[in-house]
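Presented below is the structure to which this report refers.
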Amino acid sequence: MSRKYGDEYGFATRAVHTGNDVDAETGAIRRPITMANSYELPFDPSTMNWSSAEGNLYTRNGGANQKYLQEKLASLEGGEDCVVLASGVAALSGLFFALLQSGDHVIFSSVTYIAVYRLLNELFNNKFNVETTIIDTSDIEKVRAAIRPETKLIHIETPGNPTLHISDIKALAELAHENNILLSVDNTFASPYNQRPIELGADFVVESLTKYINGHGDAMGGAIIGKREYLDIVRAQSQVNLGAAISPFNAWLIMRGAVTLPLRMQQHNHSALAIAAWLEQQPEVSFVAYPGLPDFWGHEVAARQMVNGYGGVMAFGLKADHDTHNRFVSYLRVITSAVSLGHDESLIVFLGEDDERQYLYPEEFHNGFFRFSVGLEDTGDLINDIRQALDRIKADTED
């Protein structure tokens, strides 16, 4: 086991040290990548549980690099235990699969990642008879009214993808626990540097490690953090028997990336707030959605629960038609048109008017908009890149 770095150490110290140790064989001060898919058995393996996630047996059951990463993430999120899986969606589906059974009811945020919408609104509903209700979870009274005797789980995403919708974690945790309901929070847009839902009362935190925690756009993974009694079920059902295990190499890459999470998030936070404030002043921009803006509809709650900043993702639209939005993206030189977020480089994606979930979004989103993940480039270079693209659109119109 690695040296322990508990709550007496700060977030940055734990980001560097937790889960790491000197390699006993070589003396290297970094954990090596253990690429083996199988481990040596004891003298008499006949009584072993071949589906056990304890110890090192078979990498689908859990590998060395996965376990080091789990220790680090549990510490950063303030949780008792952690399960790391192959992707953020594997973590979401793994949690739902382990917790829910036929006849259960789930309440989930109206603004969530598309995979959550698919899993809960369609797949679990149609295949497993799990009833679901989509609610604006920023409205605590609407959530209260949706609770049934069979409600097992409330799942929220805050800030929500892609509109940055904010839900009050502490208030929802209190409501859930008053009714013997579990609360899970997708924390991907915030990262544990900015927001720690377990400290606010949530039962589970889900992270797409592919995003900020890795931070380099070169590995995929997902994590569930919470109480061991529940995560043991996730390991047995969703990791071992569904096979959603992370590869050792991806676990090692994410472990490496997590070391610089505090420093990277400071730059993401700083640049995103500056760019959002600048965008609000541009006459070509129709709206800007970012939790750090004082006039953002969820700013007051975000200011209470996002302890170090508001993240690097925003949404904004132009006073323009569909084709002009696309031409704007084509004129960008520094910012890359691509999905995902939380990378070192800035990424932008145009979401058009035909999204099947438009009816769940605020009205200003209905004419198409951008989701913009602000990277680690110089803030001024990003502002200048947006400005020159807007100027080119204006020149097109004048021609």
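Quick look at the values:
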read-out	value
Scope segment 108-135; condition outside any helix (DSSP H, G or I) and either free of Cβ contacts under 8 Å to residues at least 60 places away in the same chain or over 19 Å from the mean Cα position of the chain (by Cα) (or both); matching residues	108, 109, 129, 130, 131, 132, 133, 134, 135
Selection from segment 367-391 of residues that are surrounded by fewer than 16 Cβ atoms within 10 Å (Cβ to Cβ) and among the charged types (D, E, K, R)	378, 381, 387, 391
The listed residue being in the same structural domain as residue 270 (by TED's automatic domain parsing), of a type in the set (A, V, I, L, M, F, W, C) and not in a loop (DSSP other than H, G, I, E, B), out of 334, 329	329
Qualifying residues in segment 348-363 (those that are in contact with a Gly (Cβ under 7 Å, 6 or more places away or on another chain) and surrounded by 15 or more Cβ atoms within 10 Å (Cβ to Cβ)) - the one farthest from residue 121 (Cα to Cα)	350
Some residue of segment 120-130 being assigned by TED's automatic domain parsing to the domain that holds residue 202, touching a Lys or Arg at 6+ places or on another chain (Cβ under 8 Å) and under 22 Å from residue 225 (Cα atoms)	no
Residue 342 being more than 16 Å from residue 276 (Cα to Cα), crowded, with 20+ Cβ neighbours inside 10 Å, modelled with pLDDT under 95 and in contact with a strand residue (DSSP E or B) (Cβ under 8 Å, 6 or more places away or on another chain)	no
Qualifying positions in segment 216-232 - touching a helix residue (DSSP H, G or I) at 6+ places or on another chain (Cβ under 8 Å) and closer than 18 Å to residue 247 by Cβ	216, 218, 219, 220, 221, 222, 223, 224
Cross-chain or 6+ apart pairs with Cβ under 7 Å, segment 207-221 first and aromatic (Phe, Trp, Tyr), then surrounded by 24 or more Cβ atoms within 10 Å (Cβ to Cβ) and part of a loop (DSSP other than H, G, I, E, B)	212/342
Qualifying positions in segment 214-234 - in contact with an Asp or Glu (Cβ under 6 Å, 6 or more places away or on another chain) and among the β-branched types (Val, Ile, Thr)	225
Matching option when the condition is in the same structural domain as residue 187 (by TED's automatic domain parsing), assigned to a helix (DSSP H, G or I) and over 30 Å from residue 362 (Cα atoms), among 236, 244	236
Residue identified as in contact (Cβ under 8 Å) with a residue 60 or more places away in the chain, part of a helix (DSSP H, G or I) and farther than 30 Å from residue 65 by Cβ among 271, 286	271
Those residues of segment 54-78 which are part of a loop (DSSP other than H, G, I, E, B) and crowded, with 21+ Cβ neighbours inside 10 Å, in sequence order	57, 62, 63
Single unsatisfied condition, residue 225 versus (1) touching a strand residue (DSSP E or B) at 6+ places or on another chain (Cβ under 7 Å); (2) closer than 30 Å to residue 367 by Cβ	(2)
Unique match (being part of a loop (DSSP other than H, G, I, E, B), in the same structural domain as residue 83 (by TED's automatic domain parsing), more than 17 Å from residue 305 (Cα to Cα) and within 18 Å of the chain's Cα centre (by Cα)) among 166, 213	213
Residue check, residue 315 among the aliphatic types (A, V, I, L, M) and either within 23 Å of residue 204 (Cα to Cα) or in contact with a strand residue (DSSP E or B) (Cβ under 8 Å, 6 or more places away or on another chain) (or both)	yes
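The values are calculated or read from the model by the stated rules, or taken from the named source; none is laboratory data. As the structure is a computational prediction, the values presented were derived from the model and not from experiment. Reconstructed Cβ throughout: ideal geometry from the backbone, glycine too, with neighbour counts over all protein chains shown.
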